[in-house]
1. For q = 0.11, 0.14, 0.17, 0.18 Å⁻¹, what log10 I(q)/I(0) does the range 1-135 give under the Debye formula with an equal point scatterer on each alpha carbon and no solvent?
2. To check you understand DSSP bridge types, tell me what percent of the beta bridges within the range 66-179 (both residues inside) are antiparallel, rounded to 5.
3. Pairs Lys119/Lys270; Lys94/Lys144; Lys120/Lys270; Lys98/Lys215; Lys120/Lys215; Lys68/Lys133: which exceed 32 Å Cα-Cα?
4. Based on Cβ point charges of +1 for Lys and Arg and -1 for Asp and Glu, what charge dipole magnitude is obtained for the chain about its Cα centre, in debye rounded to the nearest 20?
5. Can you find, among Leu104, Val211, Pro165, the residue farthest towards the positive end of the dipole of the chain? Put +1 on the C-beta of Lys and Arg, -1 on that of Asp and Glu.
6. Divide by every residue of the chain the summed helix terms, -39500 (n - 2.57) for each DSSP H run of at least 4, and state the resulting mean residue ellipticity at 222 nm, rounded to the nearest 500 deg cm²/dmol.
7. As an exercise, use a Förster radius of 41 Å and the Cβ-Cβ distance of Lys144 and Ala17 to find the FRET efficiency, rounded to the nearest 0.05.
8. In whole Å and largest first, what semi-axes does the C-alpha gyration tensor of the range 167-288 yield when each eigenvalue is scaled by 5 and square-rooted?
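Each reported figure results from applying straightforward, stated rules to the coordinates on display, with no laboratory input. Because the structure is a prediction, the values reported are computed rather than measured. Glycine also receives a Cβ, built like all others from the backbone with ideal geometry; neighbour counts cover every protein chain displayed.
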Amino acid sequence: MVSLASLLIALAIEPGALPRQWRPSGPNCIEVPEWQVHEYNANLYIIRESGCTNYEKPFLYLFLGEGKALLQDTGAGETDVDRLIPSLLQQWAKKANKPVPPLLVVHSHSHGDHVSGDKKLAALPGVTVVAAKPEAIESALNMKGWPTQFGTIDLGGGRILDAIPIPGHDTADLALYDRQTGLLLTGDTLYPGRLYVRNFPAYVESINRLVEFTKDRPVAHVLGTHIEQSRTPFVDYKVRTIYQPDEAVLELSRGDLLELQAALAAMQGKPRRQELSRFTVFPRVSLP
Ligand SMILES: [Zn+2]
Ligand SMILES: [Zn+2]
């Protein structure tokens, strides 16, 4: 049964739009810009790095609040992220008629394709980069008891995000839940593609934690940091594919999260590869 309180919360979330298809990287790379910037709504930009720059094609998320901006992830390989982000902050400030906000940078996790721009961004004024390590995250977000305790990030003007540790793909995986839009960011832990699981027991617990966390909160979309799946169920693009003209959409739902939880539970502690229609559970001992 849906309680009145949760219905009221659900009605209060701010809407946004996602593209029907992200711009493919190619077929001719010379015509493809390094970044695709998508305005989900006036206070949230979803940024995708081009596959021509790095085949991982990761997504970055820039949240704007009255007192602070928050960036999740800094991209893969050598990029001009240190020019892109300040210019987006300036654009936003001009449109909103507000001063350029200071920037806090956190990460979905510590892998190279999500942290490559850290050094360049950390060198800019007004930017704080939190290292993608559990201890650094705990002290920056004032949380204790990783991974079972949650933190919050207050961007001012009533915009608060919840930070939920979800290790398993990596050791420093951190989900973000934006109370304003109802978006749940799940990094490489859940996205339309191959879900590489390094620490299986931790991963199972993390997925359970996300299911529990979202039990009485509205989830508009579940958004990860890659797309490897095609539009055809069960079919993905091979590793290192640059041009994906028929790729799936980015957004998943809480239903997908429940499907993942059920698939993991059915493994009864014995990790194995399992293809589902929109993603594959892919246990691996070591990861690049
Ligand atoms: Zn990763
Ligand atoms: Zn990744």
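1. Debye intensities relative to I(0), on a log10 scale: -0.45, -0.70, -0.96, -1.04.
2. Expressed as a percentage, antiparallel bridges in the range 66-179 total about 55.
3. As for pairs spanning more than 32 Å Cα to Cα, those are Lys119/Lys270; Lys94/Lys144; Lys120/Lys270; Lys98/Lys215; Lys120/Lys215.
4. 180 debye
5. With unit charges placed on the Cβ atoms, the residue in question is Val211.
6. It lands at -7000 deg cm²/dmol.
7. The computed FRET efficiency comes out at 0.60.
8. After diagonalising the Cα gyration tensor, the semi-axes are 20, 19, 13 Å.
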